[in-house]
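The values are calculated or read from the model by the stated rules, or taken from the named source; none is laboratory data. Just so it is clear, the structure is predicted and the values come from calculations on it, not from any experiment. Glycine gets a Cβ as well: all are built from the backbone with ideal geometry, and neighbour counts include every protein chain shown. Heads up: the accessible areas ignore ligands, DNA and RNA and are worked out on the full protein's heavy atoms, side chains in. Shrake-Rupley method; radii C 1.70, N 1.55, O 1.52, S 1.80 Å.
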Amino acid sequence: QLQASGGGLVQAGGSLRLSCAASERIFNINSMGWYRQAPGKQRELVARIIRGGSTNYADSAKGRFTISRDNAQDTVYLQMNSLKPEDTAVYYCNAAVIGTNYWGQGTQVTVSS
């Protein structure tokens, strides 16, 4: 129900913009966000935007990544600047509704040194 796009291969210091759109309208979304999972590691929160517009960022993302949302389209974006090799992971978008979570299929981000 969530379609993520925008991943790819980029050199360190470069930028990527991830997009995630809902294929069907999702009602009563509490938050939309991005998580990532690197090989051998647990999935972790990167950034989240909550109903009303407040945002949360992982410490590793602060100052480099910006999350935004188009409420009318149930679309969330993640602008990633100054990318580092340690940002390499599969990025998943998420929409949280009371009682359930929707996940996108994941998009690979690879940052070369």
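Here are some notes:
- For the chain, the Rg and Dmax computed from alpha carbons only, in angstrom: 13.2, 41
- Considering only Tyr91, Met80, Ala21, the residue lying farthest towards the positive end of the dipole of the chain is Met80, judged by Cα position with unit charges set on Cβ.
- Restriction of the chymotrypsin sites (Phe, Trp or Tyr not before Pro) in the stretch 1-80 to DSSP coil positions whose beta-carbon has at most 10 other beta-carbons within 10 angstrom yields Phe27.
- Residue-count net charge about Asn81 - beta-carbon cut-off 13 Å; Lys, Arg +1, Asp, Glu -1: +3
- Where both bridge residues fall in the stretch 1-96, DSSP classifies roughly 100% of the beta bridges as antiparallel.
- Net charge over other residues, Cβ less than 14 angstrom from the Cβ of Ala58 (K, R count +1; D, E count -1): +3
- Sorting Leu16, Leu45, Leu83 by accessible area puts them as Leu45, Leu16, Leu83; the probe is 1.4 Å, largest comes first, and only protein heavy atoms count.
- Magnitude of the charge dipole, the chain, Cβ model with Lys/Arg +1 and Asp/Glu -1, debye to 20: 140 debye
- Share of carbon and sulfur in the accessible heavy-atom surface of the stretch 28-106 [1.4 Å probe, %]: 45 percent
- Rolling a 1.4 Å probe over the protein chains gives Ser68 an accessible area of about 50 Å².
- Two-decimal Rg to Rh for the stretch 71-113 - Kirkwood Rh, Cα set: 1.07
- Relative contact order %, the chain, counting alpha carbon pairs below 8 Å whose residues are six or more apart: 37 percent
- Extending 7 Å from Cα along the Cβ direction at Ser113 and again at Asn71 yields two label points whose distance is 4.4 nm.
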